[in-house]
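K.L.:
Here's a structure for you.
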Amino acid sequence: MENISISSITSVSDNLFKLLLDADPSKNIVQSYLKRAYKFIALFKGAPVGIVLLIDTRPETIEIINIAVSKDYRNQGIGGKLLEYSIKWAKSKKYRVIEIGTGSTSFGQLYLYQKYGFRPVSIDRDFFVTHYPHRIIENKLVLKDMVRLQQYLF
Ligand code: ACO
């Protein structure tokens, strides 16, 4: 989709907070990283239609901790634009590694992240069982494990 611009923000509206919950269903967990995250939104005709949050993890390493696009705007390339922007931004800030994690049952997301150059590096076994109070069912499977992916920036 053309006419998408991306800009940095410092705080999120209630609507954007709700959108973050599409990517991460735990309010508590989202709140735990929201303040310290670098935040960017995708705007279409002046209205936010997507968001990406990045946090510092280890030295020279940044993680895309949350990425979400409003339901009506999905599958039009906005998620890809947010990923591309995040990668370019991280390069410009001289990070060496960019990471992203997603559920082992999140097949669409796993496809998308690999399309943008991320490669699986490890499995966080039982991550969703340990950190989330409710069972998550996705693609007719119980979500248990997190797949961690990364790419080198230099
Ligand atoms: N189901 C099926 N396919 C998907 C899915 C999905 N849930 N997510 C991505 N894809 C695939 C599509 O098949 C499509 O393929 P294409 O290359 O043939 O077009 C492509 O990925 C979509 O690419 P975009 O249009 O660039 O991405 P989009 O704007 O739809 O944004 C996003 C992708 C952010 C994952 C969106 O679907 C979304 O908000 N989902 C709900 C929240 C979510 O799951 N966020 C990620 C959680 S992990 C994390 O936050 C670190």
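K.L.:
Sort out which residues of region 53-101 are near the ligand (Cβ under 10 Å from one of its atoms) and among the hydroxyl-bearing types (Ser, Thr, Tyr), and write them in order of number.
P.N.:
70, 73, listed by residue number.
K.L.:
In region 102-113, which residue that is part of a helix (DSSP H, G or I) and not aromatic (Phe, Trp, Tyr) is nearest to the ligand (Cβ to nearest atom)?
P.N.:
In this case the residue turns out to be 108.
K.L.:
I would also like to ask the following. Checking residue 58 against (1) buried (at least 20 other Cβ atoms within 10 Å of the Cβ); (2) without any contact (Cβ under 8 Å) to a residue 40 or more places away in the chain; (3) closer than 24 Å to residue 124 by Cα, only one condition comes out false. Which one?
P.N.:
(1)
K.L.:
Identify, by number, the condition in (1) in contact with a helix residue (DSSP H, G or I) (Cβ under 8 Å, 6 or more places away or on another chain); (2) assigned to a loop (DSSP other than H, G, I, E, B) that residue 95 doesn't meet.
P.N.:
So the condition that residue 95 fails would be (1).
K.L.:
Those residues that are touching a residue at least 12 places away in the same chain (Cβ under 8 Å) and either within 13 Å of the ligand (Cβ to nearest atom) or open to solvent by 40 Å² or more (accessible area, probe 1.4 Å) (or both), I need them from region 41-52; list them, please.
P.N.:
Our first condition is that a residue be touching a residue at least 12 places away in the same chain (Cβ under 8 Å); within region 41-52, this holds for 41-45, 48-52.
Within region 41-52, 41, 42, 44, 45, 48, 49, 50, 51, 52 qualify.
K.L.:
Within region 5-28, track down each residue that is within 11 Å of the ligand (Cβ to nearest atom) and either closer than 18 Å to residue 87 by Cβ or surrounded by fewer than 19 Cβ atoms within 10 Å (Cβ to Cβ) (or both).
P.N.:
As a first pass, look at region 5-28 and keep what is within 11 Å of the ligand (Cβ to nearest atom): 19-25.
Correct list: 21, 22, 23, 24, 25.
K.L.:
Is there any pair with a first residue in region 101-114 that is more than 14 Å from residue 64 (Cβ to Cβ) and a second that is more than 9 Å from the ligand (Cβ to nearest atom) whose Cβ atoms are under 6 Å apart and which are 6 or more apart or on different chains, and what are they?
P.N.:
Correct list of pairs: 103/143; 104/145; 104/147; 105/141; 105/143.
K.L.:
Separate question: Tell me, please, whether a residue that is open to solvent by 20 Å² or more (accessible area, probe 1.4 Å), of a type in the set (Ser, Thr, Tyr), more than 9 Å from the ligand (Cβ to nearest atom) and assigned to a helix (DSSP H, G or I) can be found in region 131-145. It would help to see each step written out before you state the result.
P.N.:
Just the residues of region 131-145 that are open to solvent by 20 Å² or more (accessible area, probe 1.4 Å), to begin with: 131-142, 144-145.
Of the ones still in play, those that are also of a type in the set (Ser, Thr, Tyr) are 132.
Next cut, more than 9 Å from the ligand (Cβ to nearest atom) only: 132.
From the residues that got through so far, the ones that are assigned to a helix (DSSP H, G or I) too are none.
Looking for residues that are open to solvent by 20 Å² or more (accessible area, probe 1.4 Å), of a type in the set (Ser, Thr, Tyr), more than 9 Å from the ligand (Cβ to nearest atom) and assigned to a helix (DSSP H, G or I), one finds none in region 131-145, hence no.
K.L.:
Criterion first (open to solvent by 30 Å² or more (accessible area, probe 1.4 Å), near the ligand (Cβ under 9 Å from one of its atoms), without any contact (Cβ under 8 Å) to a residue 40 or more places away in the chain and farther than 24 Å from residue 12 by Cα) does residue 117 satisfy it?
P.N.:
no
K.L.:
Now, a different point. Is region 96-103 home to any residue that is among the small types (Gly, Ala, Ser), open to solvent by 30 Å² or more (accessible area, probe 1.4 Å) and over 22 Å from residue 59 (Cα atoms)?
P.N.:
For region 96-103, residues among the small types (Gly, Ala, Ser), open to solvent by 30 Å² or more (accessible area, probe 1.4 Å) and over 22 Å from residue 59 (Cα atoms): absent.
K.L.:
Could you check region 69-104 and list, in sequence order, the residues that are over 21 Å from residue 48 (Cβ atoms) and among the aromatic types (Phe, Trp, Tyr)?
P.N.:
95 - this is the single residue of region 69-104 that is over 21 Å from residue 48 (Cβ atoms) and among the aromatic types (Phe, Trp, Tyr).
The values are calculated or read from the model by the stated rules, or taken from the named source; none is laboratory data. Computed from a predicted structure; not experimentally measured. Because the Cβ atoms are built from the backbone with ideal geometry, glycine has one as well, and the counts that use them run over all protein chains shown. Just the protein is used for accessible areas: all its heavy atoms, side chains included, with ligands, DNA and RNA removed. Shrake-Rupley method; radii C 1.70, N 1.55, O 1.52, S 1.80 Å.
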